[in-house]
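The values are calculated or read from the model by the stated rules, or taken from the named source; none is laboratory data. These numbers were taken from a predicted model, which means no experiment stands behind them. Cβ coordinates were reconstructed from backbone atoms using ideal geometry, including for glycine residues, and neighbour counts include every protein chain displayed.
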Amino acid sequence: MTAPTAPQRPRGPAALFHDGAILAWRNLVQLPRTPELLLFTLIQPIMFVLLFTYVFGGSIGQSLPPGISYAQFLIPGIMVQTLVFSTNSTAVGLADDLQKGLVDRFRSLPIARSAVLVGRICSDTVRLAMVAVVLVLVGYVVGFRFEAGLGWGVLMILVAVAFGFSMSWVMATIGLSVRDAETASTAGFVWLFPLTFVSSVFVPVTSMPGWLQVIARNNPVTLLSNLLREFTLIGRPAAGTVLPVLAWTVGIVVVFAPLAVSRYRKV
Amino acid sequence: MSPIIEVDGLVKHFGETRAVDGVSFAVETGSVLGLLGPNGAGKTTTVRMLATLLTPDAGRATIEGLDVVADATRVRSVIGLTGQYAAVDEKLTGRENLWMVGRLLGMDRGAADERASELLERFRLSDAGDRQVRTYSGGMRRRVDLAVSLVGRPAVLFLDEPTTGLDPVSRIEMWDVTRELVGDGTTVLLTTQYLEEADELADRIVVIDHGLVIAEGTADELKDRTGGRTLEVELTRADDLERAAGLARGLGDRRVTVDPERAALSVDVGDDTEFAAEVVARLSQSGVDIADFRLDRPSLDDVFLALTGHGTEDPTSSPEVAS
């Protein structure tokens, strides 16, 4: 037995950082122990890249501007799609913690109020970065290249992960608003199909009917996919393409982070 | 000794459900209070308010003089909570669960390591400590859950239905562990729907039903309240039963019931043990062959029936509101 210690907890914002980091550790350490999560994280992006490149690539490649291969077109888009889908685990993870009583456990400890939320989103963001790197590696196998150089490539990954981070707050709000992990999974999933398919992720928007083009053009997923393509193909983005993506990324956090925090306080 | 927990007129309503409807009690430092009641009585809601997980609609409660609403964060560093469903991370090992809470409480890595090992040993989990909790048995899960709530050496421990769903052996293990804690000076607030459990562990019992406190006292005091003791006499021959009952009735105005199946009669004797002796002597003198006799104290089940008009497993009770 050791003598009782009087641990010193950090205060203020340092406390949120300290507690969030420990809770993020908790989520990350489980990653290799959760086969289904690992599958979604690693196998699914690999499968999607291979399927789309070899099954659809032949026909869709025809409608692309000359000189751009389908792999060049696909990888930035599929990165957005995969990262957006991967944020679903934020909803599932939080709903699961709620359902299993872990949130009660954490809320009965003298820790920062939003630490559970911050920890979850931080660990999920790390996971998103892992997914993005895997995607680029698989992309290189099927012919994708950072044409504009590695620097722009890294920026592409960072911007994509930032958008995923922002979408995680939407998922957190969903996860804290439903009864159980199963419902969270469904509620977090269904709307992602129209969001990611009515976009330029897989096909050029010009191949869609006129009315759908209007939606697809203004979809943040399209805006982001196009921006990422500029990063990988040309480097310096064209005027007016950065601001909308930045606005969506920041805007979603500004709206949903307070919503998620207020949901968390009420559970 | 002054009370470490003081609860004064706590109220929590969920829509139409009056989950807790004005509950008051106090718990002395270093004692065990049993909050006893059927499902849906408001036990869990009360504990959730005391553990700062729910804000009361009215009333107030203090722990070590700290208000559970205004001083919630300071209250949290004084309490430990072990819920009905083991709230530990199944995908972490037992050791990692303990370590994580130690770190969250502000211990450095070394101190958290040490505290984890200490608690694993104390709860006989040293061998299983490096396995994921999902591989644990029900009893082991409860033990690790309890261990996790003790990492910060809380002065007050809430045990919310600690043995619900456990097999008898694990239940007795949990009881032993709880007694040890009390031996160390921890104040325990235990909720249970098992009367036997309250009887075994609690110094004082608060009986709660439909969100209201309906009785309070030691187990003995509550038992006395139902009218005291019963004399049970088993006869060798069932033929003697009616005559024996007549003799007992002749001795005084006491309720006498017969059970022909067991050839037994029971007499309500209150606290008058001499009367019980008189009955036995009279039967024996009159040539009634007595096989066995004993003086029974009422069980807490009888107490609950007497207090509420229904048993502890009342299906008409409103469902427990957990969140």
Limited to region A:46-94, what total is found for residues that are touching a residue at least 60 places away in the same chain (Cβ under 8 Å) and not in a helix (DSSP H, G or I)?
4
Would you pick out the residues in region B:258-286 that are at pLDDT 85 or above and polar (S, T, N, Q)?
B:266, B:284, B:285, B:286
Going residue by residue through region B:230-251, is there one that turns out to be over 35 Å from the mean Cα position of the chain (by Cα), assigned to a loop (DSSP other than H, G, I, E, B) and of a type outside the set (D, E, K, R)?
yes
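Please indicate, with yes or no, whether at least one residue in region B:38-53 is farther than 30 Å from residue B:301 by Cβ and either more than 9 Å from chain A (Cβ to nearest Cβ) or not hydroxyl-bearing (Ser, Thr, Tyr) (or both). Talk me through it step by step, then tell me what you get.
So in region B:38-53, the residues farther than 30 Å from residue B:301 by Cβ come out as B:52-53.
This time we only want the ones that are either more than 9 Å from chain A (Cβ to nearest Cβ) or not hydroxyl-bearing (Ser, Thr, Tyr) (or both), so: B:53.
Looking through region B:38-53, at least one residue is farther than 30 Å from residue B:301 by Cβ and either more than 9 Å from chain A (Cβ to nearest Cβ) or not hydroxyl-bearing (Ser, Thr, Tyr) (or both).
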Only one residue in B:169, B:177 is at pLDDT below 90, aliphatic (A, V, I, L, M) and more than 24 Å from residue B:51 (Cα to Cα), so which one is that?
B:169
Right, residue B:44: within 26 Å of the chain's Cα centre (by Cα), at pLDDT 95 or above and either under 19 Å from residue B:156 (Cβ atoms) or in a strand (DSSP E or B) (or both) or not?
no
Return the residues of region A:99-120 that are of a type in the set (A, V, I, L, M, F, W, C), in a helix (DSSP H, G or I) and at the interface with another protein chain (Cβ under 7 Å from one of its Cβ atoms); say none if nothing qualifies.
A:102
Those residues that are of a type in the set (A, V, I, L, M) and within 14 Å of another protein chain (Cβ to nearest Cβ), I need them from region A:81-98; list them, please.
A:92, A:94, A:95, A:98
Regarding region A:122-133, can at least one residue be identified that is closer than 27 Å to residue B:157 by Cβ and either within 14 Å of another protein chain (Cβ to nearest Cβ) or not charged (D, E, K, R) (or both)?
no
Of residues in region B:113-126 being more than 9 Å from every other protein chain (Cβ to nearest Cβ) and in a helix (DSSP H, G or I), the one surrounded by the fewest Cβ atoms within 10 Å (Cβ to Cβ)
B:121
Residue under question is residue B:218, and the condition is that it be hydroxyl-bearing (Ser, Thr, Tyr), surrounded by fewer than 16 Cβ atoms within 10 Å (Cβ to Cβ) and under 30 Å from residue B:63 (Cα atoms); does it hold?
yes
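Has region A:34-50 got any residue that is over 20 Å from the mean Cα position of the chain (by Cα) and either more than 14 Å from chain B (Cβ to nearest Cβ) or of a type in the set (A, V, I, L, M, F, W, C) (or both)? Explain how you work it out, then say what you get.
Of all residues in region A:34-50, those over 20 Å from the mean Cα position of the chain (by Cα) come to A:50.
After this cut, where a residue has to be either more than 14 Å from chain B (Cβ to nearest Cβ) or of a type in the set (A, V, I, L, M, F, W, C) (or both) as well, the list is A:50.
Yes: one or more hits.
Condition check ((1) polar (S, T, N, Q); (2) under 15 Å from the mean Cα position of the chain (by Cα); (3) within 21 Å of residue A:70 (Cβ to Cβ); (4) part of a helix (DSSP H, G or I)) across all residues:
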site	(1), (2), (3), (4)
A:178	no, no, no, no
A:188	no, yes, no, yes
A:211	no, no, no, yes
A:214	no, no, no, yes
A:229	no, no, yes, yes
A:247	no, no, no, yes
A:256	no, yes, no, yes
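What residue, among those in region B:131-163 that are assigned to a loop (DSSP other than H, G, I, E, B) and under 28 Å from residue A:34 (Cβ atoms), is nearest to the other protein chains (Cβ to nearest Cβ)?
Taking the candidates together, the pick is B:151.
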Among the residues of region B:65-108, which ones are among the β-branched types (Val, Ile, Thr), assigned to a loop (DSSP other than H, G, I, E, B) and within 8 Å of another protein chain (Cβ to nearest Cβ)?
B:88
Just wondering, is there one or more residues in region B:192-210 that are within 26 Å of residue B:48 (Cβ to Cβ), part of a loop (DSSP other than H, G, I, E, B) and of a type in the set (A, V, I, L, M, F, W, C)?
yes
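Sort out which residues of region A:218-263 are among the charged types (D, E, K, R) and under 18 Å from residue A:79 (Cα atoms), and write them in order of number.
Residues satisfying the conditions are A:229, A:230.
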With A:21, A:14 as the choices, which residue is within 14 Å of chain B (Cβ to nearest Cβ), of a type in the set (A, V, I, L, M) and farther than 30 Å from residue B:134 by Cβ?
A:14
